[in-house]
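The structure appears right after this line, and notes come after that.
Values quoted throughout were computed directly from the atomic coordinates according to the rules given, and no laboratory measurement underlies them. Just so you know, these numbers come straight off a predicted model, no measurement behind them. Note that each Cβ is placed from the backbone with ideal geometry, even for glycine, and that neighbours are counted across all protein chains shown.
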Amino acid sequence: MALIEEGFVSANTYNSLPTIQEAADVPREYAADLGYLQRLLARHNIPKSITIRLIHRHYDIADGEAMVFRDIALPAHGTVEVMRAASIASAQLHGKNFLVNSAARLQAYEYTTETTIDLSEYETFIAEFVESVVHRKLQHRFGLKINHHSEMEVKADQKEFEFPEEQCTITIPTNLPLPEATYEIDVDTDWGALHNKHKNKQGKGKPKPKGTRTRCSHGGTMCSHGGSTEMENCREECTKEDGIMFDGRIVQLGTPFHGLLNNLMEVW
């Protein structure tokens, strides 16, 4: 397809994308544009495996790297998804999250090790999506997410958490143990089709996700010990306690999420 740009985005391009902190207000500030793109999905009868994606990044990459999602099966819990930087030569990678680049083409900027669906049969939709994104100047705000086959069976909502101590993110179904809900940022990052019958019901509020949801939840810049200790300065103090450092806070030994996190670190 001429509308699909092959090849990996450069590290410079990826590192120029907004962070999740910088993108957190985009769904509210551009709610009308988001609603339009959701209705575009509905108008073209696009399957649930293709959704609108909030464009953001969590960490920088180096030249020759890409951000890659990988499913990890935890024997005692189920499957979670980990995203971290990997060499583009390390495995066969498939586009997962796409942006509209400066050449007005759809291009993957994050990848998965799983096989994704074939976009070739959605050429008419992609052409209109790209045109709409360029016309509305949304290139660094909204793109597309292409779910891989195993994700199509996911029934539970999911939450993505930063794990800066390991330079990765972890996406966890909400029916599994989660960390304490004390996050400063909690924003939807994927949206499915929105049919016209919902247009007037939602008014000027942010469009509601359809089907399962993926949200990003991240802490602030202060250590969970309280006071004014910056995260980067609290590691030595935190490691004196029993538990695992996770997003600047201690996950205490014996808690359900500690069990999941410990299980993950054993198998990855």
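Some notes on this structure:
- Mean Cβ count within 10 Å, highest first, over the residues of peptides 140-147, 104-111, 15-22: 140-147, 104-111, 15-22
- Gain in span if fully extended, D63 to E166, counting 0.36 nm per residue against the direct Cα distance: 35.1 nm
- FRET efficiency estimate (nearest 0.05) - Cβ-Cβ, M265 to A2, R0 51 angstrom: 0.70
- Rounded to the nearest whole Hz, the Karplus-based 3J(HN,Hα) values (6.51 cos²θ - 1.76 cosθ + 1.60, θ = phi - 60°) of region 60-74 follow the sequence 7, 10, 9, 4, x, 10, 9, 7, 10, 8, 9, 6, 10, 7, 9, with x at glycine and proline.
- E121/K48 FRET efficiency (R0 25 Å; Cβ-Cβ; nearest 0.05): 0.95
- With a Förster radius of 22 Å applied to the beta-carbon distance between R136 and D186, the computed FRET efficiency rounds to 0.30.
- Separation of the N12 and N175 label points, Cα + 7 Å toward Cβ, nm: 4.7
- Most to least packed among 25-35, 51-61, 72-82 [average Cβ atoms within 10 Å]: 51-61, 25-35, 72-82
- Once C-alpha pairs closer than 8 Å and six or more residues apart are averaged by separation and normalised to the residue number of region 1-145, the relative contact order reads 32 percent.
- Applied to region 120-132, the Karplus parametrisation 6.51 cos²θ - 1.76 cosθ + 1.60 on θ = phi - 60° returns per-residue 3J(HN,Hα) values of 4, 7, 10, 4, 5, 4, 4, 4, 6, 4, 4, 4, 5 Hz, with x for Gly and Pro.
- Each label was represented as a point 7 Å from its Cα along the Cα-to-Cβ direction; for A103 and Q21 these points are 3.4 nm apart.
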